[in-house]
Amino acid sequence: MSLISAYSPLPVSFERGEGIWLWDGKNKEPYLDALTGIAVCGLGHAHPEITKAICDQASKLIHTSNVYQIELQTELAAKLTALSGMEQAFFSNSGAEANEAAIKLARAYGHQREINHPHIVVLEGAFHGRTLATLTATANRKGQAGYEPLVSGFIRAPFNDSESIKNMAHHNNEIVAVMLEPIQGEGGIHLPPSDYLKKIRELCDQNNWLMILDEVQTGNGRTGSYFNYQQHGILPDIVTTAKGLGNGYPIGVCLMRGKACNLFQPGNHGSTFGGSPLASRVGLTVIDIIEKNNLCKNAADMGQRLIKNLKEALSNNTHVQDIRGQGLMIGIELDKPCRDLMKIGLDQKILFNVTADKVIRLLPPLNITGEQVDQIVERLKKCIELFYQ
Ligand SMILES: *Cc1c(COP(=O)(O)O)cnc(C)c1O
């Protein structure tokens with residue numbers, strides 16, 4: 001044995017991909033990938049323009065470190081700040097690291113205001129990563145157990161309950177930020193009511209807190225706009241993203257504006273790999289492809305079609321409790337734990353995963369076609385029928 005046993009992978013490995021399809025090297029028939037490496041390969045596998053950008057950049061320059069200026073990093077920062085309405089960018093290699101940066105910014109912001117033990121409000125059902133601080137912010141006792149002591153300075157509020165956070169403000173004058181996902185991903189695809197983010201924004205404004213949005217999963221076109229908050233008419237003070245920004249190349253970013261800017265000073269935060277010429281080139285290419293091909297709109301349109309057709313196809317199935325989502329981030333909640341469905345999916349040549357025990361999660365590529373949407377519905381329907389046989 002040579003690998004940790006934390007992953008327990010399914011009995012399949014892939015050797016080649018193209019768009020929404022993956023081949024395992026044994027079967028001729030490919031698998032329909034409705035998970036895309038957990039919202040990572042939003043442009044599909046082996047996208048020719050990404051491959052070309054990686055090969056071209058790798059043949060010129062991969063890494064120099066942040067000891068020197070990196071023009072491609074500056075270019076990507078300009079692109080992302082323009083897209084998001086933010087002002088500054090810090091590049092990392094993963095979502096958790098982007099969130100770590102956001103957490104450190106919130107603390108620095110607190111100390112600047114002479115709050116010596118700053119608190120960050122986080123939500124029930126949240127997922128922010130697996131480093132010690134982001135694990136503490138995450139609401140998963142199973143993930144946390146055995147790793148205590150956790151990091152102090154986090155307080156938890158119920159999901160979708162802005163009143164409870166308002167009440168916290170009355171009892172706690174050390175709160176400096178609220179950190180949340182605009183749609184909870186790992187927690188089971190939970191969408192807040194349409195005015196929730198606005199209410200959190202108002203609370204943050206009234207109390208001088210930073211609003212931190214974790215768009216690691218929802219960002220980069222996934223929900224039908226580049227960032228999800230753009231559909232809510234608000235701007236956070238800090239937004240993080242990662243997953244879909246590199247289409248499989250590791251990259252993350254923490255974007256900030258206004259009072260969240262200039263809190264990092266020379267020497268007090270950094271990353272060796274973050275924002276390398278290669279990572280930045282890939283990020284720029286991903287954004288270019290999303291814009292050029294109107295993929296945010298395609299995600300919105302195809303997502304609507306997928307939800308509508310799933311609802312129709314599964315309307316007679318009494319085990320299906322709910323079908324919900326936005327853009328191409330969709331959950332189907334069943335009436336019992338259903339991890340075994342993923343194995344049935346392998347037989348039916350469709351890839352998805354199960355989160356929060358009984359929610360089938362679909363995160364297909366943003367450039368999916370209508371015909372492929374219909375194939376997802378057909379195969380998934382079959383899987384669910386087999387599961388309950
Ligand atoms: C995946 C995810 C993370 C963690 O990202 P890593 O790249 O695995 O560190 C953080 N927040 C959200 C919302 C995520 O979905």
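Figure legend. Inter-residue proximity from the stretch 307-327: first residues within 16 Å of Lys382 (Cα to Cα), second residues modelled with pLDDT of 95 or more and of a type in the set (Asp, Glu), beta-carbon distance below 6 Å, spacing 6+ or different chains. Indicated pairs: His319/Asp335. Yes or no: Ile115 assigned by TED's automatic domain parsing to the domain that holds Met168, within 16 Å of the ligand (Cβ to nearest atom) and not in a helix (DSSP H, G or I)? Taking the combined requirement at face value, the residue does not satisfy it.
From the list Gly110, Gly125, Gly85, the one residue that fits, being of a type outside the set (Lys, Arg) and within 16 Å of the ligand (Cβ to nearest atom), is Gly125.
Comparison of Thr131, Thr138 shows that the only residue that is among the polar types (S, T, N, Q), closer than 15 Å to Pro182 by Cα, touching a residue at least 12 places away in the same chain (Cβ under 8 Å) and assigned by TED's automatic domain parsing to the domain that holds Arg201 is Thr138.
When you look at Ile323, is it part of a strand (DSSP E or B) and out of contact with any Gly (no Cβ under 7 Å at 6 or more places or on another chain), yes or no? First the steps, then the outcome.
Numbers: part of a strand (DSSP E or B): yes; out of contact with any Gly (no Cβ under 7 Å at 6 or more places or on another chain): yes.
It is true that Ile323 is part of a strand (DSSP E or B) and out of contact with any Gly (no Cβ under 7 Å at 6 or more places or on another chain).
Looking at Thr64, is it over 30 Å from Arg257 (Cβ atoms) and either of a type outside the set (Lys, Arg) or outside any loop (DSSP other than H, G, I, E, B) (or both)? No. Cβ-Cβ distances below 6 Å connect the following pairs, each with a first residue in the stretch 243-271 that is under 15 Å from Gln73 (Cα atoms) and of a type in the set (Val, Ile, Thr), a second residue that is away from the ligand (no atom under 16 Å from the Cβ) and not in a loop (DSSP other than H, G, I, E, B), and a separation of six or more residues or different chains: Val253/Ala89. Tell me, yes or no, whether the stretch 276-299 has at least one residue that is under 30 Å from Asp161 (Cα atoms), in contact (Cβ under 8 Å) with a residue 40 or more places away in the chain, among the hydrophobic types (A, V, I, L, M, F, W, C) and surrounded by 24 or more Cβ atoms within 10 Å (Cβ to Cβ). Yes, the stretch 276-299 contains a residue that is under 30 Å from Asp161 (Cα atoms), in contact (Cβ under 8 Å) with a residue 40 or more places away in the chain, among the hydrophobic types (A, V, I, L, M, F, W, C) and surrounded by 24 or more Cβ atoms within 10 Å (Cβ to Cβ).
Look at (1) part of a helix (DSSP H, G or I); (2) at pLDDT 95 or above and you find that Lys142 fails only one, number (2). Restricting attention to the stretch 47-83, the residues that are within 23 Å of His269 (Cβ to Cβ) and in contact with a Lys or Arg (Cβ under 6 Å, 6 or more places away or on another chain) total 1.
Scanning the stretch 187-241 for residues that are surrounded by 24 or more Cβ atoms within 10 Å (Cβ to Cβ), assigned to a loop (DSSP other than H, G, I, E, B), touching a residue at least 40 places away in the same chain (Cβ under 8 Å) and within 14 Å of the ligand (Cβ to nearest atom) yields Ile189, Val216, Gln217, Thr218, Asn220, Arg222, Thr223, Phe227. State which residue is farthest from Lys358 (Cα to Cα) when the search covers only the stretch 142-186 and only residues that are of a type in the set (A, V, I, L, M) and within 16 Å of the ligand (Cβ to nearest atom). Only one residue tops the list, namely Ala177. Applying the criterion of being in a helix (DSSP H, G or I) and of a type in the set (Gly, Ala, Ser) to the residues of the stretch 128-139, the residue that is farthest from the ligand (Cβ to nearest atom) is Ala133. A Cβ distance below 9 Å, combined with a sequence gap of six or more or placement on separate chains, defines the contacts here; from the stretch 15-27, residues that are modelled with pLDDT under 95 reach no residue that is basic (Lys, Arg) and exposed (fewer than 12 other Cβ atoms within 10 Å of the Cβ).
Out of curiosity, is Phe273 outside the structural domain of Ile360 (by TED's automatic domain parsing), surrounded by fewer than 22 Cβ atoms within 10 Å (Cβ to Cβ), within 16 Å of the ligand (Cβ to nearest atom) and outside any helix (DSSP H, G or I)? Yes; evaluated as a whole, the condition is true for this residue. Just one of (1) within 16 Å of the ligand (Cβ to nearest atom); (2) of a type outside the set (A, V, I, L, M, F, W, C); (3) surrounded by fewer than 24 Cβ atoms within 10 Å (Cβ to Cβ); (4) closer than 18 Å to Asn220 by Cβ fails for Glu75. It is (1). Each residue in the stretch 360-379 was checked for being touching a residue at least 60 places away in the same chain (Cβ under 8 Å), closer than 27 Å to Val286 by Cβ and surrounded by 16 or more Cβ atoms within 10 Å (Cβ to Cβ), and 12 of them qualify.
Picking from residues in the stretch 312-349 that are of a type in the set (Val, Ile, Thr) and buried (at least 23 other Cβ atoms within 10 Å of the Cβ), the one that is farthest from Tyr229 (Cα to Cα) is Ile332. Residues in the stretch 19-43 that are in contact with a Phe, Trp or Tyr (Cβ under 8 Å, 6 or more places away or on another chain) and more than 16 Å from the ligand (Cβ to nearest atom): Trp21, Leu22, Trp23, Asp24, Gly25, Pro30, Tyr31, Leu32, Asp33, Ala34. In the stretch 243-258, is there at least one residue being assigned to a loop (DSSP other than H, G, I, E, B), over 20 Å from the mean Cα position of the chain (by Cα), within 16 Å of the ligand (Cβ to nearest atom) and of a type outside the set (A, V, I, L, M, F, W, C)? Within the stretch 243-258, none of the residues are assigned to a loop (DSSP other than H, G, I, E, B), over 20 Å from the mean Cα position of the chain (by Cα), within 16 Å of the ligand (Cβ to nearest atom) and of a type outside the set (A, V, I, L, M, F, W, C).
The values are calculated or read from the model by the stated rules, or taken from the named source; none is laboratory data. Everything numeric in this text was worked out from a predicted model, so none of it was measured. Please note: Cβ atoms are built from the backbone with ideal geometry, for glycine as well, and neighbour counts cover all protein chains shown.
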